[in-house]
Amino acid sequence: MQDALAETFASTMRGPVIGRRHPDYDEVRSLYNGMIDKHPRLIARCADVADVVAAVKFARENGLRVAIRGGGHNGPGLGSVEDGLVIDMGMMKGVRVDPDKRTVRVGPGCTQGDVDHATHVYGLAVPAGIVSTTGIAGLTLGGGTGYLTRKWGLTIDNLLEADVVLADGRMVIANSKENTDLYWGLRGGGGNFGIVTSFLFQAHPVSMVYGGPIFWDLDDAVQVMRAYRDFLPSAPEELGSFVGLKTVPPVDPFPAEHQGKRVCAVISCYNGPEDEARRVMGGLLGKLPQPLFNWMGMMPFPALQSMFDPLMPKGLQWYWRGDFVRELTDEAIDVHIEHAKKLPSTLSLMHLYPIDGAVRRAGRNDTAWNTRDATWSMVIAGIDANPQKAGEITRWTKGYWNAIHPYSDGGGYVNFMMDDEDSDRLKATYGDNFERLVSLKGKYDPTNFFNVNQNIRPH
């Protein structure tokens with residue numbers, strides 16, 4: 001009977017429907033996070049919006065739990081579901097740029113690299129993340145922070161419009177004039193309200209940038225983190241810069257004499273002339289000891305965005321935790337460094353991404369994402385290729401997070417949450433917007449059809 005149902009469903013689709021007996025099943029169901037292994041009953045590889053609507057209808061009629069997959073980069077593996085239906089939009093990848101209006105229409109299966117490639121030829125970019133393999137859909141619906149955030153805001157601050165398939169199968173447009181409440185909720189509320197099948201973004205002038213990493217020995221981390229903390233608020237918004245604690249990868253082209261060292265890194269992008277960028281960075285570097293190496297230089301923006309892709313292939317073991325941080329105290333810096341000395345693997349890390357500049361020029365209730373008075377978004381990530389180290393990297397991440405959490409602002413960026421955190425974390429994250437989100441969920445998805453996400457339950 002199940003086979004017959006699947007065949008009937010497949011006949012309504014232009015894209016393939018992958019079941020457990022399909023020779024590509026294991027490859028298609030695999031997730032970016034190799035720590036998570038789910039076995040969906042069916043995977044609908046949608047070719048267009050009609051396929052998405054057909055998949056929603058099939059799931060409702062057959063009582064299947066649904067997971068929505070865009071670019072497939074979700075850390076806690078929420079792009080899949082055990083024994084349910086995956087609505088996979090990875091093949092819906094179109095990008096259309098209007099260079100006159102500086103807008104970009106993006107399909108839900110696109111990665112950040114797909115968008116950067118299409119916009120760069122016009123000297124434009126959409127503010128997004130820092131890794132080109134990131135799926136643009138999930139990044140956007142959670143908020144979106146990256147190198148261009150200080151100047152032009154979060155990714156959601158540049159979202160002009162979305163086409164959305166609702167839980168009842170209807171397709172609607174959400175923007176500043178139509179379905180404005182849904183437009184509000186999509187900007188930070190995650191995948192709780194529907195399936196976005198098209199995004200329209202505002203793009204900005206970005207072409208060649210002065211960017212790259214600077215690494216100091218961990219012994220200098222106190223000095224570097226304090227100097228970075230004090231320097232960034234007065235730096236021009238053209239500078240996007242984050243600080244991290246990590247390990248020099250033991251691979252080329254990293255200098256052989258420094259490979260494997262634990263380090264403090266400042267990774268930056270200045271969208272402007274090289275001489276101006278050097279002068280700005282001099283305000284930080286002049287206060288610090290000589291770094292192990294400085295790889296900042298002029299490069300195309302997409303080159304910076306994809307610089308670390310080779311270190312983060314699909315299939316690694318991941319466990320992460322995040323927090324919003326209002327103040328980086330000297331005490332907190334000491335806690336950070338104490339745990340960085342115990343990094344459990346070469347790829348494990350802590351990053352602090354700035355939340356200031358243009359982010360704060362929007363009101364805290366203008367979008368669902370409302371933690372606009374934070375100063376940083378922190379992520380701690382245990383990462384390793386070896387499945388046998390999954391327990392170790394998870395314990396390290398949780399221990400680090402438990403130690404540093406008292407210095408945080410309470411909530412955390414939803415894109416840095418696993419699926420094992422309690423509901424109070426979401427309430428803390430959304431603050432006084434939470435009840436509005438609950439009401440919105442009741443309007444657009446009263447049965448909680450879309451529940452494989454950082455879930456906001458209707459009353």
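Whether a residue is assigned to a loop (DSSP other than H, G, I, E, B), under 25 Å from ARG102 (Cβ atoms) and in contact with a strand residue (DSSP E or B) (Cβ under 9 Å, 6 or more places away or on another chain) was assessed, and GLU237 does not pass this test.
THR134 - would you say it is open to solvent by 10 Å² or more (accessible area, probe 1.4 Å), under 15 Å from the mean Cα position of the chain (by Cα) and β-branched (Val, Ile, Thr)? Walk me through it before giving the result.
On the way: open to solvent by 10 Å² or more (accessible area, probe 1.4 Å): yes; under 15 Å from the mean Cα position of the chain (by Cα): yes; β-branched (Val, Ile, Thr): yes.
Judged against the criteria, THR134 is a match.
The lone criterion from (1) open to solvent by 40 Å² or more (accessible area, probe 1.4 Å); (2) in a strand (DSSP E or B); (3) closer than 15 Å to GLY129 by Cβ left unmet by GLY322 is number (1).
Would the stretch 114-123 turn up any residue that is part of a strand (DSSP E or B) and under 28 Å from ILE267 (Cβ atoms)? Full working, then the answer.
Here is the first cut: in the stretch 114-123, the residues part of a strand (DSSP E or B) are none.
Among the residues of the stretch 114-123, not one is part of a strand (DSSP E or B) and under 28 Å from ILE267 (Cβ atoms), which makes the answer no.
Note on the stretch 325-363: residues that are out of contact with any Asp or Glu (no Cβ under 9 Å at 6 or more places or on another chain), assigned to a helix (DSSP H, G or I) and either among the aromatic types (Phe, Trp, Tyr) or open to solvent by 70 Å² or more (accessible area, probe 1.4 Å) (or both) total 3. Applying the condition of being open to solvent by less than 20 Å² (accessible area, probe 1.4 Å) and not in a loop (DSSP other than H, G, I, E, B) to the stretch 29-53 and asking which residue is nearest to TRP318 (Cα to Cα) yields ILE43. None of ASP217, ASP168, ASP157 is of a type in the set (D, E, K, R) and farther than 29 Å from PRO300 by Cα except ASP168.
Could you identify the single residue in ALA385, ALA368, ALA403, ALA428 that is open to solvent by 30 Å² or more (accessible area, probe 1.4 Å), among the hydrophobic types (A, V, I, L, M, F, W, C), in contact with a helix residue (DSSP H, G or I) (Cβ under 9 Å, 6 or more places away or on another chain) and over 18 Å from VAL335 (Cβ atoms)?
ALA428
Could you look through the stretch 167-178, keep only residues that are more than 22 Å from LEU78 (Cβ to Cβ) and open to solvent by less than 60 Å² (accessible area, probe 1.4 Å), and pick out the one that is nearest to the chain's Cα centre (by Cα)? The selected residue is ASN175.
Could you identify the single residue in ASP168, ASP163, ASP157 that is in contact with a helix residue (DSSP H, G or I) (Cβ under 9 Å, 6 or more places away or on another chain), of a type in the set (Asp, Glu) and closer than 26 Å to LEU304 by Cα? Give the steps one after another, and end with the answer.
On the way: ASP168 fails: closer than 26 Å to LEU304 by Cα; ASP163 fails: closer than 26 Å to LEU304 by Cα.
Unique residue meeting the criteria: ASP157.
Does the stretch 115-137 contain any residue that is among the hydrophobic types (A, V, I, L, M, F, W, C) and under 25 Å from HIS459 (Cβ atoms)? Break it down into steps so the answer makes sense when it comes.
Kept after step one, since they are among the hydrophobic types (A, V, I, L, M, F, W, C), are these residues of the stretch 115-137: 115, 118, 121, 124-126, 128, 130-131, 136-137.
Filter once more, keeping what is under 25 Å from HIS459 (Cβ atoms): none.
Within the stretch 115-137 (the criterion being among the hydrophobic types (A, V, I, L, M, F, W, C) and under 25 Å from HIS459 (Cβ atoms)), the answer is no, since none of the residues qualifies.
Taking the stretch 54-73 as the range and being modelled with pLDDT of 95 or more and under 22 Å from MET312 (Cα atoms) as the test, the residues that pass are ARG69, GLY70.
Kindly evaluate ALA4 against the criterion of being in contact with a strand residue (DSSP E or B) (Cβ under 8 Å, 6 or more places away or on another chain), farther than 22 Å from PRO76 by Cβ and free of Cβ contacts under 8 Å to residues at least 12 places away in the same chain. Can you show your working first?
On the way: in contact with a strand residue (DSSP E or B) (Cβ under 8 Å, 6 or more places away or on another chain): no; farther than 22 Å from PRO76 by Cβ: yes; free of Cβ contacts under 8 Å to residues at least 12 places away in the same chain: yes.
Spelling it out, it is not the case that ALA4 is in contact with a strand residue (DSSP E or B) (Cβ under 8 Å, 6 or more places away or on another chain), farther than 22 Å from PRO76 by Cβ and free of Cβ contacts under 8 Å to residues at least 12 places away in the same chain.
Among the residues of the stretch 87-103, none qualifies, meaning not one is open to solvent by 10 Å² or more (accessible area, probe 1.4 Å), within 17 Å of the chain's Cα centre (by Cα) and of a type in the set (S, T, N, Q).
Restricting the stretch 277-309 to residues that are without any contact (Cβ under 8 Å) to a residue 40 or more places away in the chain and open to solvent by 50 Å² or more (accessible area, probe 1.4 Å), the residue that is nearest to LEU239 (Cα to Cα) is ARG279.
In the set (1) in a helix (DSSP H, G or I); (2) in contact with a strand residue (DSSP E or B) (Cβ under 8 Å, 6 or more places away or on another chain), the condition left unmet by LYS427 is number (2).
If you filter the stretch 1-27 down to residues that are surrounded by fewer than 16 Cβ atoms within 10 Å (Cβ to Cβ) and hydrophobic (A, V, I, L, M, F, W, C), you find that the one that is nearest to GLY84 (Cα to Cα) is LEU5.
Scan the stretch 81-91 and tell me whether some residue there is among the hydrophobic types (A, V, I, L, M, F, W, C), over 17 Å from GLY191 (Cα atoms), touching a strand residue (DSSP E or B) at 6+ places or on another chain (Cβ under 8 Å) and not in a loop (DSSP other than H, G, I, E, B). No, because not a single residue in the stretch 81-91 is among the hydrophobic types (A, V, I, L, M, F, W, C), over 17 Å from GLY191 (Cα atoms), touching a strand residue (DSSP E or B) at 6+ places or on another chain (Cβ under 8 Å) and not in a loop (DSSP other than H, G, I, E, B). Filtering the stretch 364-402 to residues that are part of a strand (DSSP E or B) and hydrophobic (A, V, I, L, M, F, W, C) leaves TRP376, MET378, VAL379, ILE380, ALA381, ILE383. With respect to the conditions (1) more than 29 Å from PRO213 (Cβ to Cβ); (2) open to solvent by less than 20 Å² (accessible area, probe 1.4 Å), ALA128 lacks only one, and its number is (1).
Being more than 18 Å from ASP384 (Cβ to Cβ), outside any strand (DSSP E or B) and either over 26 Å from the mean Cα position of the chain (by Cα) or modelled with pLDDT under 95 (or both) is a condition met by no residue of the stretch 310-319.
The values are calculated or read from the model by the stated rules, or taken from the named source; none is laboratory data. The structure displayed is predicted, hence computed values, not measured ones. FYI the Cβ positions are ideal-geometry reconstructions off the backbone, even for glycines, and counts take in every protein chain you see. For the accessible areas, the whole protein counts, side chains as well, though only heavy atoms, and no ligand, DNA or RNA atoms are used. Shrake-Rupley method; radii C 1.70, N 1.55, O 1.52, S 1.80 Å.
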